[in-house]
Every structure is written in C-alpha cells, then in structure tokens.
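These notes are about the structure you will find just below.
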C-alpha cells in the first residue's frame, strides 16, 4: 500500500493509509475491505500517471489537461 501511495504528498498519504487500515480493522470482512481499498488506490494512481503523461505529451499543466478531458467527455455525451 505504501508503494501505491508514493505519488501522494506525505500528510495526505498518512491520512489515506490510516483510513484504509482503520476501515479494514472495523470491517466485518477485512480481507475484502483491504482488497477493495488497494484496488481503488491503484486506480487512482493509474489516473494520476495517465494525467501526468497527457500533460507531458501536450506540453501543458495538469489543470489544463483536466479541463480538456472534461470538454472531450461532454462532447461525447
């Protein structure tokens, strides 16, 4: 889990890690809960990496790319 959270700044990383562990401990099914948390964190990590890659490709910052993607998705609706 720590490796997955490498992209997150330290204060937020501690909060995410603590929330994941706490919800796992308090769950009726800890194995399923931690598995779901890890899957969610992996998806989030992949999203950040893709956003960084797009920003690098287009030579723009991440805020610009986020707005660009929102417009693209609206056009497809």
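A few points about this structure:
- Where labels lie 7 Å past Cα in the beta-carbon direction, separation of residue 42 and residue 54 in nm: 2.2
- C-alpha long axis of helix 10-25 to longest principal axis of the chain, angle in °: 50
- Gained length - residue 32 relative to residue 10, 0.36 nm times residue gap less alpha-carbon distance: 5.3 nm
- Between helix 62-76 and the chain: long-axis angle, C-alpha atoms, 0 to 90°, nearest 10: 80
- Here the label points at residue 69 and residue 1, each 7 Å from Cα along the C-beta direction, are separated by 2.5 nm in the simple model.
- Dividing the summed -39500 (n - 2.57) terms of all DSSP H runs of n ≥ 4 by the residue count of the chain sets its mean residue ellipticity at 222 nm at -27000 deg cm²/dmol.
- If you take the Cα centroid of segment 38-59 and the Cα centroid of segment 4-29, the two points sit 19 Å apart.
- Cα-based helix-to-principal-axis angle, 30-58 vs the chain, degrees rounded to 10: 20
None of the figures in this text is laboratory data; all of them are computed from the coordinates on show. These figures come from a predicted structure and were not determined experimentally. Note: ideal-geometry Cβ built from the backbone for every residue, glycine included; neighbour counts use all protein chains shown.
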